[in-house]
Structures are given as structure tokens and as C-alpha cells.
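Below: one structure, written as C-alpha cells.
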Amino acid sequence: MSNCLIAQSGGPTSVINASLSGVIDSAIESPNIHTVYGAINGIQGVLNHNIINLTSIFAPSKSKLEVLKTTPSMFLGSCRYKLPDFTEDETEYKLIFDIFERKKIEYFFYIGGNDSMDTVLKLSKYAKIKNKNVKIIGIPKTIDNDLFGTDHTPGFGSAAKFVATTMLEISYDTYIYDIPSVTIVEIMGRNAGWLTASAALAKNEYNSSPDLIYLPEVPFSIYDFLSNLKRIQKTKKNIIVAVSEGIKDKDGNYISASENALDDSFGHAKLSGTGKTLEHIVSKSLGCKVRSIELNVLQRSAMHSASLQDINEACEVGNKAVEYAVDGYTGQMVSIIRTSHNPYKYQIDCVDIEKVANKEKLIPTEWIHAENGDITNELIEYISPLTFGQPNIQYKNGLPVYLDIRHLISND
């Protein structure tokens with residue numbers, strides 16, 4: 001019998017471990033898989049031989065899998081490592097597949113976002129060219145919701161719920177003061193504004209905030225921004241703005257990109273404070289109280305505000321990944337297909353990794369009212385059902401109980 005290996009990569013989410021639990025559960029139950037292994041810190045963990053036996057951890061006690069479902073971030077740790085082009089240097093590929101052979105790995109599952117799917121694509125191509133009998137499956141994850149080939153990504157629904165909840169709570173904090181103010185909330189999203197758009201879910205019959213929403217899919221104009229603020233100030237004392245970290249001007253320059261900042265290993269510009277940049281501009285122009293709030297990493301792993309719908313779907317894509325691999329599929333990413341909007345229904349499918357890797361799914365511009373700093377109801381209705389439901393989280397001494405991650409903390 002063959003074994004399988006699982007790894008996680010990229011930024012964390014509230015539900016990436018739910019996908020991991022789905023893979024582990026199905027793999028342990030599969031008659032085709034003997035041992036389930038996990039690589040610590042993504043593909044770098046494979047290269048560094050940092051591999052643990054997940055069967056020995058979870059098979060004796062399935063209750064641990066239930067705790068894993070509601071443990072945020074990544075039980076196996078992560079990395080942001082770009083494999084080289086194997087046509088130029090196949091050294092690392094030889095090492096990876098040598099480890100696969102020694103561990104009798106026939107199935108490799110990589111849970112991650114855009115950059116992780118690049119790794120799935122490269123390994124799949126190499127395996128095909130070299131006739132390696134390893135089935136390689138990508139499992140989607142990202143709070144940014146910018147992966148092609150899937151209606152939405154596990155992790156997005158929970159992050160969207162956190163953003164909307166936080167926006168509502170910021171509104172309560174802001175409205176108590178009887179002085180004119182502008183509050184700018186910076187939300188993650190380099191080139192895709194899905195997460196920032198989710199702030200609109202905070203609006204209800206008494207709360208109109210966020211009053212302005214700015215997304216990276218359309219050019220950002222300082223002039224229009226200030227004009228909209230002045231317009232709203234005529235009828236409202238306290239204004240709240242939701243803005244993506246990746247907004248750009250008409251020439252494609254990030255508003256917050258530091259001139260001295262270097263790109264990361266995947267060529268992404270390192271951004272440095274969109275909210276703070278706009279805070280200084282508004283303060284000089286309007287002369288009222290202005291503050292900026294950067295949600296930063298808080299929106300990535302907020303299990304206390306997770307979506308049960310998101311957790312359940314994350315588990316399902318993990319389950320399906322094993323099914324597809326055992327059935328002989330390779331070079332695929334598991335995907336979620338929305339079959340009905342109201343009521344919300346979906347099915348799990350898969351898509352060729354070539355249609356996913358190194359592409360970004362942006363918000364359709366027809367769903368954005370850029371000149372008014374607003375979005376359409378279609379976008380709100382798309383996001384809303386992904387945030388439904390509350391998970392049953394165990395608590396001890398007032399704090400949530402998560403799975404032990406000492407294997408990530410120790411230097412041993």
C-alpha cells in the first residue's frame with residue numbers, strides 16, 4: 001500500500017486546518033492509503049526532511065480531528081517558497097521526488113493559495129515528464145478569494161465575517177462622539193478587493209457604514225476621495241471608510257508602496273500603510289479628527305468569528321481531494337461550484353491546475369461604483385451566504401481550546 005503527504009503554504013486562514021482535517025480523515029479511512037504524513041513548513045519541509053506521521057497523531061483519537069477543524073491558522077506550519085523552473089535547475093525536484101520514493105508517497109496534497117498552486121503546477125509537470133507515479137492535488141485556500149477555477153475559496157467566508165463584524169463594532173465605537181471624524185479601516189487585498197467589499201455586510205437599517213469603499217480593481221483618485229468625504233460630511237458627522245491595502249492610482253502605482261521596499265520572492269510589492277497614508281491626506285485637507293485602523297493579520301485567523309459554512313466547505317474540499325487522488329486524478333485543484341444563489345447551494349468539483357496557477361480572480365468592475373466609493377447589491381449577495389453559521393468551539397478558563405502546536409514552536 002502507498003502513503004500520502006500533506007503540506008500547507010502561504011498565509012493562514014481560520015479554516016485551512018479544516019481542510020487538513022478533511023484530508024487526514026479521508027486518507028486514514030481509505031483502503032488505498034497506509035500512512036498519512038505531514039510536511040512541516042510547506043514544500044520547504046519536504047526539502048528539509050521535516051516530516052511527521054499524522055496517522056499516529058490522529059488515528060488513535062478522532063476527537064483530535066474535531067478540535068483541528070476549529071483550530072485557526074496552520075497546524076503544519078507554512079512557507080512562502082518559490083520552486084525554480086525545473087528546465088533550468090531540477091536539483092530540488094530530484095530531492096523532492098527522492099523523498100516521495102523513500103516514503104512511498106503516491107499522493108501529495110498541497111493546501112494553499114495562488115503561489116501554492118504554482119508549486120502544484122510545477123510538481124505536476126515534472127512528475128508527468130519524468131513518469132513519476134505521484135498524484136498531486138491542490139486544495140484551495142486564501143482569505144483574498146482571488147483563485148481562478150472556484151466560485152470562492154475556503155477561508156474567505158470566515159475572514160469576510162470577521163471584517164463585517166469588526167466594521168459594525170467600529171461603527172458603534174465611532175458614533176458615540178459628538179465631533180466630526182473620519183475613520184479609515186485598511187483591509188487586506190493586494191490586487192483583489194473581495195475582502196474589503198465584505199465590510200458592506202455591516203450595513204443595516206440603522207448603520208450606513210462603511211460610507212465609502214475603495215477596491216484595487218479600479219483606479220483610486222485622491223480628488224474623488226476627498227470630494228466624496230466632503231459630500232457625506234454635509235449630512236453625516238462620523239464617516240467610516242473601508243479601503244483595500246492594494247489600491248492604486250490611474251498609472252497603476254500602489255498608494256502605499258514604499259519607494260525603498262523590496263518585492264517578495266514571488267515578485268509581490270511590499271506595501272506599507274495605505275490607511276496611514278490616507279489619514280495624513282485627509283487630516284491636511286479636512287482638518288477634522290482622523291484615525292486609521294489596520295486590521296492586518298487579525299482578519300486571517302479569527303476563529304472566534306469564523307463561519308460554520310466556511311468550515312464545512314473546507315472539510316469537504318479536503319475529503320474530495322483524497323477521493324480524486326485515489327481515483328487517479330493529478331495536476332488538479334479541488335474547486336467549489338455555486339449551483340444556486342438563493343437558496344445558496346454548491347457542489348465540489350476539480351479544475352486543471354494550469355487554469356488556476358499564476359492567475360488572479362478580481363471583482364467584476366460592473367459590481368463596483370468607483371466614482372461614488374460604493375459596490376453593488378450583486379456583490380453583497382455573492383458574499384453574504386459564505387458567512388453564515390457559528391462553529392461549536394470548546395472553551396477552557398474562558399479561552400478557546402485549540403490543538404497543541406509545540407512542534408512549530410520548538411527549535412529541536
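Entry remark, region 61-107: residues being under 30 Å from Ala306 (Cα atoms) and among the acidic types (Asp, Glu) number 1 in total. Assuming Tyr107 fulfils every condition listed in (1) more than 20 Å from Ile28 (Cα to Cα); (2) more than 21 Å from the chain's Cα centre (by Cα); (3) not polar (S, T, N, Q) apart from one, which condition is it? The failed condition is (1). Taken together, the residues in region 288-340 that are within 15 Å of the chain's Cα centre (by Cα), in a strand (DSSP E or B) and among the hydroxyl-bearing types (Ser, Thr, Tyr) amount to 1. Can we say Asn296 is within 30 Å of Met74 (Cα to Cα), at pLDDT below 95, touching a Gly at 6+ places or on another chain (Cβ under 9 Å) and not aliphatic (A, V, I, L, M)? Considered against the rule, which asks whether it is within 30 Å of Met74 (Cα to Cα), at pLDDT below 95, touching a Gly at 6+ places or on another chain (Cβ under 9 Å) and not aliphatic (A, V, I, L, M), Asn296 comes out as no.
Using the structure shown, decide if Ile405 is of a type in the set (Val, Ile, Thr) and either in contact with a Leu (Cβ under 9 Å, 6 or more places away or on another chain) or modelled with pLDDT of 95 or more (or both).
Values: of a type in the set (Val, Ile, Thr): yes; either in contact with a Leu (Cβ under 9 Å, 6 or more places away or on another chain) or modelled with pLDDT of 95 or more (or both): no.
No.
When region 325-344 is limited to residues that are touching a Lys or Arg at 6+ places or on another chain (Cβ under 8 Å) and closer than 20 Å to His152 by Cα, the one that is surrounded by the most Cβ atoms within 10 Å (Cβ to Cβ) turns out to be Val334.
Of all residues in region 124-149, those being of a type outside the set (D, E, K, R) and surrounded by fewer than 24 Cβ atoms within 10 Å (Cβ to Cβ) number 7.
Given the condition loosely packed, with under 12 Cβ neighbours inside 10 Å and either assigned to a helix (DSSP H, G or I) or within 21 Å of the chain's Cα centre (by Cα) (or both), answer yes or no: does some residue in region 390-404 qualify? So far as region 390-404 goes, no, none of its residues is loosely packed, with under 12 Cβ neighbours inside 10 Å and either assigned to a helix (DSSP H, G or I) or within 21 Å of the chain's Cα centre (by Cα) (or both). Tell me, please, whether a residue that is closer than 15 Å to Ile139 by Cα and crowded, with 24+ Cβ neighbours inside 10 Å can be found in region 55-77. Yes, region 55-77 contains a residue that is closer than 15 Å to Ile139 by Cα and crowded, with 24+ Cβ neighbours inside 10 Å.
Looking at Tyr93, is it among the hydroxyl-bearing types (Ser, Thr, Tyr), over 29 Å from Ile393 (Cα atoms) and not in a loop (DSSP other than H, G, I, E, B)? For Tyr93, the condition - among the hydroxyl-bearing types (Ser, Thr, Tyr), over 29 Å from Ile393 (Cα atoms) and not in a loop (DSSP other than H, G, I, E, B) - is met.
Can you tell me which residue in region 156-202 is farthest from the chain's Cα centre (by Cα), limited to those that are free of Cβ contacts under 8 Å to residues at least 60 places away in the same chain and not in a helix (DSSP H, G or I)?
So the residue we want is Asp178.
The values are calculated or read from the model by the stated rules, or taken from the named source; none is laboratory data. Keep in mind that this is a model prediction, so the values were computed, not measured. Glycine gets a Cβ as well: all are built from the backbone with ideal geometry, and neighbour counts include every protein chain shown.
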